[in-house]
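One structure is given here, and the rest of the page talks about it.
The values are calculated or read from the model by the stated rules, or taken from the named source; none is laboratory data. If you're wondering where the values come from, they're calculated on a predicted model, not measured in any experiment. Reconstructed Cβ throughout: ideal geometry from the backbone, glycine too, with neighbour counts over all protein chains shown. Remember, those area values only see protein heavy atoms, side chains included, never the ligands or the DNA or RNA. Shrake-Rupley method; radii C 1.70, N 1.55, O 1.52, S 1.80 Å.
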Amino acid sequence: MNNEDYPRDTQGYGAERPDRDEFVSRFGGIYEHSAWVAESTFDRADGLSAEELADLFANCVDVAPYEQKLALIRAHPDLAGKAAVAGELTIESTAEQNSAGIDRCTAEEFERFQMLNGRYKEKFGFPFVMAVRDSNRHEILAAFEGRIGNDLDTEFETAIGEIHKIARLRLEAM
Ligand code: GUN
């Protein structure tokens, strides 16, 4: 990797080329609780723009085995779930859920999230994942009601697609 090639906007290291640990500490959270994405792409991240880095990360996930993708989906906390209530979300997830107003749910909306979270996980074996930053909680609940009717393959692919969107938004926000 060339210092001059290392983009300031994505990496924020100025002229310094990050070593592996710095890279993983900076990008390990782009995919929720899944630092393996940053770890296994470090060697190919030379001089990439933010857009290219997002593509590299996405491709790494896309070619991963099914079980690893499943673990990635399962690494996501429920929307309006127990971890959110207990204040145990990652900084990124907290910001995403709050930006969609999930922290301001009425008791009734909160109940709907709990009911849907339970039904969804019972049906698919993983949590409902949606890139919520540009949506409000009413739109999220409507999407939730719609997606719960999908089949497993559709929902698995949709979840991975949403996770890529979340990753891109997290990269842009850096
Ligand atoms: N969409 C954006 N962030 C999250 C998250 O942390 N969990 C879920 N389930 N969806 C999200």
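Worth a mention:
- Each other residue within a Cβ distance under 12 Å of E88 adds +1 if Lys or Arg and -1 if Asp or Glu, for a net charge of 0.
- Segment T154-R104, extension gain: residue separation times 0.36 nm, minus the distance between their alpha carbons: 15.0 nm
- Segment 15-118: equivalent-ellipsoid semi-axes (sqrt of 5 x gyration tensor eigenvalues, Cα, Å): 32, 16, 11
- The GluC sites (Glu not before Pro) of segment 63-157 that DSSP puts in a loop, and whose beta carbon has at most 14 other beta carbons within 10 Å, are E88.
- Net charge of Cβ neighbours under 13 Å - reference A142; Lys, Arg +1; Asp, Glu -1: 0
- The slack between A50 and E88, meaning 0.36 nm per residue of separation minus the straight C-alpha distance, is 10.8 nm.
- Per-residue HN-Hα couplings for segment 18-34 [Karplus 6.51, -1.76, 1.60; θ = phi - 60°; Hz; x = Gly/Pro]: x, 7, 4, 5, 5, 4, 5, 5, 7, 10, x, x, 5, 9, 3, 6, 9
- Gain upon complete extension [L70, Q114; 0.36 nm per residue less C-alpha separation]: 13.7 nm
- Rounded to whole Hz, the Karplus (6.51, -1.76, 1.60) HN-Hα couplings of segment 99-116, x for glycine and proline: 5, 8, x, 5, 6, 10, 4, 6, 4, 5, 5, 4, 4, 5, 4, 4, 5, 5
- Once the Cα gyration tensor of segment 70-174 is diagonalised, semi-axes √(5λ) in Å: 19, 18, 13
- S135 accessible area, 1.4 Å probe, all protein chains in place, Å² to nearest 10: 20 Å²
- When you restrict to C-alpha pairs under 8 Å that are six or more residues apart and normalise by the size of segment 13-65, the relative contact order lands at 26 percent.
- Computed from phi, the 3J(HN,Hα) profile of segment 77-92 under the Karplus parametrisation 6.51, -1.76, 1.60 (θ = phi - 60°) reads x, 4, 6, 6, x, 4, 5, 5, 5, 7, x, 10, 7, 5, 4, 5 Hz, with x in place of Gly and Pro.
- Computed on protein heavy atoms with a 1.4 Å probe, the accessible areas place M130, M174 in the order M174, M130, largest first.
- In the context of the full set of protein chains, residues of the chain present 51 Å² of accessible surface per residue (probe radius 1.4 Å, heavy atoms only).
- Percent RCO, i.e. relative contact order, over segment 75-174, from Cα pairs under 8 Å lying at least 6 residues apart: 29 percent
- Charge dipole (Cα centre; +1 on Lys/Arg Cβ, -1 on Asp/Glu Cβ; no other charges) of segment 49-91 amounts to roughly 280 debye.
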